[in-house]
Amino acid sequence: MTMSIEFTKYQGLGNDFVLIDNRHQTEPILTPQQAKKLCHRNFGIGADGVIFVLPGTADTDYTMRIFNSDGSEPEMCGNGIRCFMQFVDELEGDNARNTYRVHTLAGVMTPQRLADGRVKVDMGEPRLLAAEIPTLLVPEGEKVIDRALEVAGQTWSVTCVSMGNPHCITFVENAEAVALAEIGPQFECHSAFPKRTNVEFIEVVRPNTVKMRVWERGAGATLACGTGACASVVAGVLTQRCDRMTTVELPGGQLDIEWSPSDGRVYMTGPAERVFSGRVG
């Protein structure tokens, strides 16, 4: 990397990101390959992804772009947008607001800072049709709810949801017992998912509380996944396992998820914390 880059590192439930002020131009100042190097935990800063704060569009305040630790670009990141909100507050200083409209590849998101310091995000409506996810498990106009999927020599019952990015959710008796590093990549790269997929293994503790382990597309095993928590609660409601307001317990902490019956939108509430700032290059 020939140029010197200022950055701030944030984490949301242990899902950690390098945040870069990119407001001076409309494209990320780093290539996916450069971002991949920054994310390396031995030779770089170490992160699950690099997030860029870019100028907004005509009807938004900012644009969020993210490169995963493998250099791929996801449509959206739930923990990432909470970190994005806190970083924008830092950039804005005295002009910081309680809410922003943020353009993402998954549509417009509206994070809101709550009085307790947590960030609540309107994640939009879940997309349930096979073509929207996308998945080839069923015809494109159908939903994937408790459908059989062969992975690693085993038949799994899966439900698929898009929160602007693809998720494959399976409910298990014991989430800790899942061999995540072995099975996760086989789900992610399964031929049923033409754009790969995020994978969530969900253990229902009670209707309003679940435990979740996640294998993220492009990042592997992470301590938390915001869009995955949202998708998992939607899947839990669809399969009559969860309440519409459910706490998702992740290795890095917990998120409160609501799939609102009134407007059909999913709301995610959780923390985002500044770790440190620095300069690289």
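Filtered by the rule that a residue be in contact (Cβ under 8 Å) with a residue 12 or more places away in the chain and charged (D, E, K, R), segment 68-96 gives Asp70, Glu73, Glu75, Arg82, Asp89, Glu90.
Let me confirm something: among Val210, Val248, Val199, which residue is of a type in the set (A, V, I, L, M), in contact with a Cys (Cβ under 6 Å, 6 or more places away or on another chain) and crowded, with 24+ Cβ neighbours inside 10 Å?
Numbers: Val210 fails: in contact with a Cys (Cβ under 6 Å, 6 or more places away or on another chain); Val248 fails: in contact with a Cys (Cβ under 6 Å, 6 or more places away or on another chain).
Criteria check complete, one pass: Val199.
The residue that is surrounded by the most Cβ atoms within 10 Å (Cβ to Cβ), counting only those in segment 257-281 that are touching an Asp or Glu at 6+ places or on another chain (Cβ under 7 Å) and in a loop (DSSP other than H, G, I, E, B), is Arg265.
Within segment 25-69, the residues that satisfy the criterion of being charged (D, E, K, R) and either buried (at least 20 other Cβ atoms within 10 Å of the Cβ) or farther than 15 Å from Asn15 by Cβ (or both) are Glu27, Lys36, Lys37, Asp48, Asp59, Asp61, Arg65.
When segment 52-75 is limited to residues that are part of a strand (DSSP E or B) and hydroxyl-bearing (Ser, Thr, Tyr), the one that is farthest from the chain's Cα centre (by Cα) turns out to be Tyr62.
Among residues of segment 163-188 that are on the phi > 0 side of the Ramachandran plot, those with a Cβ under 6 angstrom from a residue that is assigned to a loop (DSSP other than H, G, I, E, B), sequence gap 6+ or separate chain, pair up as Gly164/Glu75; Gly164/Met76; Gly164/Ala106. Does segment 38-61 include one or more residues that are acidic (Asp, Glu), outside the structural domain of Ala224 (by TED's automatic domain parsing), under 13 Å from Val88 (Cβ atoms) and touching a residue at least 24 places away in the same chain (Cβ under 8 Å)? Scanning segment 38-61 turns up at least one residue that is acidic (Asp, Glu), outside the structural domain of Ala224 (by TED's automatic domain parsing), under 13 Å from Val88 (Cβ atoms) and touching a residue at least 24 places away in the same chain (Cβ under 8 Å).
Against the test of being out of contact with any His (no Cβ under 6 Å at 6 or more places or on another chain), of a type in the set (Gly, Ala, Ser) and either assigned to a strand (DSSP E or B) or surrounded by fewer than 20 Cβ atoms within 10 Å (Cβ to Cβ) (or both), the options Gly184, Gly117, Gly164 yield a single qualifying residue, Gly117.
The values are calculated or read from the model by the stated rules, or taken from the named source; none is laboratory data. A quick note: this is a predicted structure, and the numbers were derived from the prediction, not measured. Every residue, glycine among them, receives a Cβ derived from its backbone with ideal geometry; neighbour counts consider all protein chains shown.
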